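So the structure is just underneath, and the comments pick up after that.
The values are calculated or read from the model by the stated rules, or taken from the named source; none is laboratory data. The model shown is predicted, which means the values in this text are computed figures rather than measured ones. Cβ: placed from backbone, ideal geometry, glycine included. Neighbour counts: every protein chain shown. Calculation scope for accessible area: heavy atoms of the full protein, side chains included, ligands and nucleic acids excluded. Shrake-Rupley method; radii C 1.70, N 1.55, O 1.52, S 1.80 Å.
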Amino acid sequence: MKKNLLKLFSIAALILLIANANAQQDSIAKKDTTEKKQRFNILVGAFFPTVATKLKINGTSGRVGTDVGLEETFGLTQNPSVFRVDGLYQMTRRSSFKATYFQMNRKKTWVIDHDITVADTTFNIGADIDFHFNTQYFALSYRYGLIARKDFQAGLSFGVRWLSFETGAKVVSDSINKEFNTQFGVPVVLFGINVSGNILPRLVGRYDFELFKLSFEGIQGLVYENRFSLEYYFTKNIGVGGAFNAVLYSVKEFPLSDNFNGEVKFTMNGLSLFAAVKF
């Protein structure tokens with residue numbers, strides 16, 4: 001973790017040095033020419049992640065829940081196909097906003113092969129479970145360009161994330177017939193770096209890295225996101241692209257209610273393919 005933070009700040013310091021070296025050239029620019037360029041960049045397509053979800057719900061009575069690997073335990077698909085939208089708004093030559101949204105719904109009917117404790121209830125071997133686990137992901141980042149040239153930009157970012165989970169199950173066995181549902185969100189603030197530029201006249205590369213670590217009133221969290229993308233434009237406004245995405249959310253001891261607290265570790269690593277539009 002310390003190595004990741006050191007790497008992040010080292011890269012940020014390098015960007016600052018480069019920005020300072022180009023300060024004179026930047027200061028004599030005649031005017032902000034953002035108005036002559038496309039302000040919006042919309043990416044619409046499919047995300048193909050490999051997903052791993054570890055979930056634990058503990059009772060405040062002291063009973064510790066079982067670590068549940070949702071994909072292994074309930075047979076949820078590890079490789080869903082997700083509709084995804086990314087958008088970039090270039091507000092000024094240096095300032096921009098980036099937003100992302102996708103939703104992932106998964107469900108499975110399963111017969112459990114080992115005892116599972118959720119909150120203060122134990123479900124025994126052989127129980128039938130109709131289980132669902134839905135995820136919504138919202139992201140918004142403000143980016144400031146320390147270097148802001150026509151074909152190359154690099155800077156720092158400040159972002160907020162909202163990862164919303166809605167899960168529930170109906171459990172039927174010889175000794176129990178019970179249904180439960182719960183919904184909770186994990187808000188996170190991240191800091192990071194971003195670089196983008198023209199590799200070729202029609203080929204654009206982008207890299208984003210954001211990171212946050214939290215320890216507050218017993219709640220512990222670690223979040224990072226990596227994304228590298230390439231966009232090829234057939235015309236001035238229309239193109240296609242692909243990206244590799246790596247996301248980790250790990251949060252412990254966050255309150256679900258007055259009676260329960262939870263732990264979640266959620267990873268999504270995979271490719272996305274999209275159509276790109278600039279205007």
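Within segment 112-132, can one find any residue that is open to solvent by 10 Å² or more (accessible area, probe 1.4 Å), within 25 Å of the chain's Cα centre (by Cα) and either at pLDDT below 90 or over 30 Å from Gly239 (Cβ atoms) (or both)? Within segment 112-132, one or more residues are open to solvent by 10 Å² or more (accessible area, probe 1.4 Å), within 25 Å of the chain's Cα centre (by Cα) and either at pLDDT below 90 or over 30 Å from Gly239 (Cβ atoms) (or both).
Quick grid of which residues meet (1) modelled with pLDDT of 75 or more; (2) in contact with a helix residue (DSSP H, G or I) (Cβ under 7 Å, 6 or more places away or on another chain); (3) of a type in the set (Gly, Ala, Ser); (4) under 27 Å from Glu263 (Cα atoms):
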residue	(1), (2), (3), (4)
Leu8	no, no, no, yes
Ile28	no, no, no, no
Lys31	no, no, no, no
Ile42	yes, no, no, no
Phe48	yes, no, no, yes
Asn58	no, no, no, yes
Leu88	yes, no, no, no
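Taken as a whole, the condition of being farther than 30 Å from Phe212 by Cα and either without any contact (Cβ under 8 Å) to a residue 60 or more places away in the chain or within 14 Å of the chain's Cα centre (by Cα) (or both) does not apply to Asp151.
Summed over segment 150-164, residues that are surrounded by 15 or more Cβ atoms within 10 Å (Cβ to Cβ) and out of contact with any Ser or Thr (no Cβ under 6 Å at 6 or more places or on another chain) total 6. Considering only residues that are of a type in the set (A, V, I, L, M, F, W, C), open to solvent by 20 Å² or more (accessible area, probe 1.4 Å), assigned to a strand (DSSP E or B) and touching a residue at least 24 places away in the same chain (Cβ under 8 Å), which ones fall in segment 173-203? Phe180, Val189, Phe191, Val195, Ile199, Leu203, listed by residue number.
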